[in-house]
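Colleague: This is the structure I have questions about; it appears just below.
The values are calculated or read from the model by the stated rules, or taken from the named source; none is laboratory data. What you are looking at is a predicted structure, and each value in this text was computed from that prediction instead of being measured. Note: ideal-geometry Cβ built from the backbone for every residue, glycine included; neighbour counts use all protein chains shown. Please note that ligands, DNA and RNA were not included when accessible areas were found on the heavy atoms of the full protein model with its side chains. Shrake-Rupley method; radii C 1.70, N 1.55, O 1.52, S 1.80 Å.
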Amino acid sequence: MDPMYICYNSMWVLITITVDYMEGEITSDKCLYIGIDAGMYKTSVCSSEGKKFSERSLVAFSSENGNDLEKVLAGKDALELEDGKKVELFNGELKSEENTDACRRFLKHVLEKNEVVEKNTYAIIGVPANADKAYKKKLLELANEVFTGAMLVDELFCAAYKNNLPDRSIIVDIGYSKTDICIIDSEVPRENDCLRLSCAGKDIDSEIVKLVNDRWPDSTISEELAREWKEKYGALDPGSDTCVVDVPLENGHVQESIIEELQLACEFVVTDIVSGITRILSDHEPELREKLRNNIHILGGTSNLDGIDSFIENELKVLGGGKVFSDIDPEYGISEGALEIAKNMPADFWNQLTTEKDTEEMI
Ligand SMILES: Nc1ncnc2c1ncn2[C@@H]1O[C@H](COP(=O)(O)OP(=O)(O)OP(=O)(O)O)[C@@H](O)[C@H]1O
Ligand SMILES: [Mg+2]
């Protein structure tokens, strides 16, 4: 593995993890390594014993039959709960003790449900590089309570590390709340190497709601329903089939194809993402730009949209062209990378971390 840069607390640090150095140290049977992608929409987990699972980043607490003991419901179960307290997680803020506690209980519950032991377990959590410092500190503190040792790593670095992305490529993570566009390079990163856009999956959902309401002013469509349709039929291919859905109306429903609305909503958001890519390209000298534009790697849930790669390539044609690869697992790309880093960290590193519990330095 070539040397790469890793972002701690908005400072980039070179890490050189060589397989030779690690041999004999990483294969300890007694340790379990975990990689986590703590996204605002979903939390995905990979473990060194081969487990992989993902949950919506949502937790709910219900008191059954007046019983004081609260039941913890995570992900889909929480979503389906009709009454009870619901807390959305990993939105970049851990200001109250209540939120921190909800996060802690969610993590513990999800691990327990999937029979992941917490003892002698070392975890790396992928987080956005530019996440709030206080948030990262709190998240790391609670991760250190849940696991034997934990560390936070820039989530895009995790994905690039696992997929061994070529030097001078662009990684584009299109998630729920945000899109991050970042240049992967072994040179010291520059100021304008990363760009955060606030447009992503949630904006496609709200655009679908808007377009459906324009067509049927008496529709009662929710963002959750729009999201379901998008995940099932969302596409940027002009030649896509029709998709007939039940549009709920104030009085009854209507069955119609909403393919046009879906396509327009997807294009509306992805066009902005292409503008972000061209902005980052234009900020670099022509020689580097050529390499970068032909090495664009997309990931994140929204990269599942059918035809997104060729749509981006087509949009880039007028600006000199480009090549888009969908070669990173949209769901597990970050957590697999985090696991890989956790496994490859020298045992000494984890020892030092757990003895010092130096939470200031590792974020
Ligand atoms: N098959 C699909 N087609 C289109 N969109 C999808 C599909 N599957 C998931 N998505 C969308 O991907 C988004 C979630 O992406 P992802 O899981 O990468 O987000 P996250 O990492 O939890 O959030 P963030 O990075 O914004 O904090 C949601 O908007 C979801 O609707
Ligand atoms: Mg994400």
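Colleague: For GLU285 and LYS30, compute 0.36 nm times the residue count separating them, minus their Cα-Cα distance, and round to one decimal in nm.
Modeller: Result for the pair: 86.9 nm of gain on full extension.
Colleague: Continuing with the same structure: Which three extents, in angstrom, do the Cα atoms of the range 229-276 have along their principal axes, listed largest first?
Modeller: Principal axes ranked by extent give 42, 23, 15 Å for the Cα atoms.
Colleague: Where in the range 209-239 is the amide nitrogen less than 16 Å from a point lying 7 Å along the Cα-to-Cβ axis of ASP306?
Modeller: In the range 209-239, the label zone of ASP306 (backbone N under 16 Å from the point 7 Å along Cα→Cβ) covers 228-239.
Colleague: Using DSSP H assignments, which helices in the chain have an axial alpha-carbon span of 18 Å or above and a mean Kyte-Doolittle hydropathy of 0.0 or higher?
Modeller: Long hydrophobic helices here: 259-282.
Colleague: Same structure again: Cross-link partners among lysines for LYS133, C-alpha distance below 23 Å, same-chain residues fewer than 8 apart left out?
Modeller: Partners within reach: LYS42, LYS95, LYS178, LYS357.
Colleague: A follow-up question, please. In the range 245-332, what percent of the accessible surface is made up of carbon and sulfur (1.4 Å probe, ligands and nucleic acids excluded)?
Modeller: About 45 percent, which is the carbon plus sulfur part of the accessible surface.
Colleague: Here is a further query. State, to one decimal in nm, how far the label point of ASN99 lies from the label point of GLU231, with both points 7 Å from Cα in the Cβ direction.
Modeller: So the two model labels end up 2.4 nm from each other.
Colleague: Quick check: pseudo-label points 7 Å beyond the Cα along Cα→Cβ at GLU118 and GLU191, how many nm apart are they?
Modeller: 4.4
Colleague: Mind grabbing the base-10 log of I(q)/I(0) for the range 100-253 at q = 0.11, 0.21 Å⁻¹? Debye formula, identical points on the C-alpha positions, no solvent, two decimal places.
Modeller: Results for the range 100-253 at q = 0.11, 0.21 Å⁻¹ read -0.70, -1.24.
Colleague: Okay, next question. Summing -39500 (n - 2.57) over the DSSP H runs of n ≥ 4 in the chain and dividing by its residue number, what mean residue ellipticity at 222 nm do you reach, to the nearest 500 deg cm²/dmol?
Modeller: Value at 222 nm, helices only, nearest 500: -11500 deg cm²/dmol.
Colleague: While we're looking at this one, here's another question. Counting DSSP beta bridges with both partners in the chain, what percentage is antiparallel, nearest 5?
Modeller: Of those bridges, close to 70 percent are antiparallel.
Colleague: Under the rule a/c < 1.5 gives rounded, and otherwise a/b versus b/c splits prolate from oblate, where does the range 234-363 land using the Cα gyration tensor?
Modeller: Oblate is the answer for the range 234-363, as a/c is 1.5 or above yet b/c matches or exceeds a/b.
Colleague: Measuring from centroid to centroid over Cα atoms, what is the spacing of the range 288-313 and the range 236-265 in Å?
Modeller: 26
Colleague: Hey, rough spin-label estimate for ASP241 and ASP83, points 7 angstrom out along Cα→Cβ, what's it come to in nanometres?
Modeller: About 4.3 nm, to one decimal.
Colleague: While we're looking at this one, here's another question. From a point 7 Å beyond the Cα of SER206 in the direction of its Cβ, which residues of the range 246-278 have a backbone N at a distance under 12 Å?
Modeller: none
Colleague: When the accessible area of the range 33-146 is split by element with a 1.4 Å probe, what percent falls to carbon and sulfur?
Modeller: Heavy-atom surface of the range 33-146 belonging to carbon and sulfur, 1.4 Å probe: 45 percent.
Colleague: So which GluC sites (Glu not before Pro) in the range 134-216 pass both tests, a DSSP loop state and at most 16 other Cβ atoms within 10 Å of the Cβ?
Modeller: Here the GluC sites (Glu not before Pro) that fit, given the DSSP loop and packing criteria, are GLU187.
Colleague: A further question on this structure: Pick from ASN99, ASN251, ASN114: which is most flexible by mean-square fluctuation in a GNM of the chain where alpha carbon atoms under 10 Å apart are linked?
Modeller: ASN251
Colleague: How much accessible area per residue does the chain have, counting only protein heavy atoms and a probe of 1.4 Å, in square angstrom?
Modeller: Per residue, the chain has 47 Å² of solvent-accessible surface.
Colleague: Could you tell me the relative contact order of the chain? Use alpha-carbon pairs under 8 Å, at least six residues apart, and round to a whole percent.
Modeller: Relative contact order here is 21 percent.
Colleague: Collect residues whose amide H, placed 1.01 Å from N in the peptide plane, falls under 5 Å from the amide H of HIS297; neighbours closer than 5 in sequence don't count.
Modeller: ILE170, ILE171, VAL172, PHE325
Colleague: Also: What residues qualify as long-range amide H neighbours of LYS71, i.e. H under 5 Å apart, gap of 5 or more or another chain, H built at 1.01 Å from N?
Modeller: SER62, SER63, GLU64
Colleague: Can you grab the distance from the C-alpha centre of the range 104-161 to the C-alpha centre of the range 177-203, Å, no decimals?
Modeller: 22
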